1. In segment 175-217, which residues are modelled with pLDDT under 90, over 30 Å from P271 (Cβ atoms) and not in a loop (DSSP other than H, G, I, E, B)?
2. Could you please find all residues in segment 106-144 being in contact with a Cys (Cβ under 9 Å, 6 or more places away or on another chain) and not hydroxyl-bearing (S, T, Y)?
3. Which number in (1) in contact with a Leu (Cβ under 9 Å, 6 or more places away or on another chain); (2) buried (at least 17 other Cβ atoms within 10 Å of the Cβ); (3) hydrophobic (A, V, I, L, M, F, W, C) marks the one condition that V161 misses?
4. Kindly check whether there is at least one residue in segment 104-114 that is in contact with a helix residue (DSSP H, G or I) (Cβ under 8 Å, 6 or more places away or on another chain) and either part of a loop (DSSP other than H, G, I, E, B) or of a type in the set (V, I, T) (or both).
5. On the given criteria, is Q8 polar (S, T, N, Q), at pLDDT below 90 and more than 20 Å from the chain's Cα centre (by Cα)?
6. When the residues of segment 95-136 are filtered to those that are without any contact (Cβ under 8 Å) to a residue 40 or more places away in the chain and over 25 Å from S148 (Cβ atoms), which remaining residue is least open to solvent (accessible area, probe 1.4 Å)?
7. Quick check on this structure: which one of T27, T63 is open to solvent by 30 Å² or more (accessible area, probe 1.4 Å), among the polar types (S, T, N, Q) and either at pLDDT below 95 or closer than 17 Å to R108 by Cα (or both)?
8. Give just the number: which of (1) modelled with pLDDT of 95 or more; (2) among the small types (G, A, S); (3) open to solvent by 30 Å² or more (accessible area, probe 1.4 Å) does A77 not satisfy?
Amino acid sequence: MSEPLNEQAFDSLEFRRALSAFVTGVTVVTTVQPDGSPRGFTANSFTSVSLDPPLILVCIAKTASSHALFAATDHFAVSVLAEDQKPVSGVFASRSPDKFAQVAWRARSTGAPVIDGASAAFDCSTHQVVDAGDHIILIGRVVDFFHSNASPLGYCRGAYVHFSLSQEALAATGARTQVGAILEHRDGLLLLETKDGLQLPAGIKLEPETDAGSLRGVLRKLGLAAHLDFIFAVFESGSGPSAGVHVYYRGRVGSGAAAMMDSTIRIVPLPQIPWAELRDDAVRSMLQRYVRERSEDAFGIYVGDSEAGTVQTLAQSR
């Protein structure tokens, strides 16, 4: 017989702190009560389960006042809050008796409320309820969903986090800042042909669009209506004309914009990027990481300098 394990005393508080190091999204989970009124709460214990069939799950504490209702409901919805919806998160985390009077929402296929302006939402029929310690796991089969271009609201170590970079944060990096974008088109990556070789679109700051020196101004001059998603890299280059702090977003341009693109623009399939034509070593290294992570569907944020740094994973396929 094997010897019993000598388990040390388990520190629940430290366990909670360790779990909080994992960056999550912020959701509002909703359903309809038997009297027809809506009910909901804020949760970050949400994840995908299966693509076929389409399943998601959310965990609910047995001590929660809505535990019994959600354990018995035959339908529910999960709204993934957008970056500007911190107040919505606060409302549904509170004990306010009129939560739904304070936010805009609508019912979708099952009748469960979905929050307006959410980054995404999943309307579900209840697939299974699993008992799991001091929580239940509510598994839903997705019958309807939507998603938008809005950046999601994040949560880590007890605080909200943003995956986009505010104008204030960019301003704090000082005058020697380059703000660029890795933009995907339906047919490949967007690169610019210049006398110094291929480059990514970039400016000395993010906004405003009316400033020709900003990234938004550069994109406007090129005739590009680009959507910027998350920050992909922040690094410092210590020498040469490109010395300073570099911030690069990843984003996309619509496939219908090809006919109106500037003549300096090249759309290159990811496997066919001509690496030798990218003269900036740091940008070349960053793009090589982008192509690798794009193929794995596992993106992270690089923070460091042009030679060394770390990558913090944001999301990974399941």
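The values are calculated or read from the model by the stated rules, or taken from the named source; none is laboratory data. What you see is a predicted model, and the numbers here were worked out from it, not measured in a lab. Here the Cβ positions follow ideal geometry from the backbone for every residue, glycine too, while neighbour counts run over all protein chains shown. These accessible areas exclude ligands, DNA and RNA; they are computed on the full protein's heavy atoms, side chains included. Shrake-Rupley method; radii C 1.70, N 1.55, O 1.52, S 1.80 Å.
1. T177
2. Start the filter on segment 106-144 by keeping residues that are in contact with a Cys (Cβ under 9 Å, 6 or more places away or on another chain), which leaves 110, 112, 132, 135-144.
Those that are in contact with a Cys (Cβ under 9 Å, 6 or more places away or on another chain) and not hydroxyl-bearing (S, T, Y): A112, A132, H135, I136, I137, L138, I139, G140, R141, V142, V143, D144.
3. Failing condition for V161: (2).
4. no
5. Values: polar (S, T, N, Q): yes; at pLDDT below 90: yes; more than 20 Å from the chain's Cα centre (by Cα): yes.
When the stated conditions are applied, Q8 passes them.
6. The extreme case among them is S96.
7. Details: T27 fails: open to solvent by 30 Å² or more (accessible area, probe 1.4 Å).
On inspection, the qualifying residue turns out to be T63.
8. All conditions are met except number (3).
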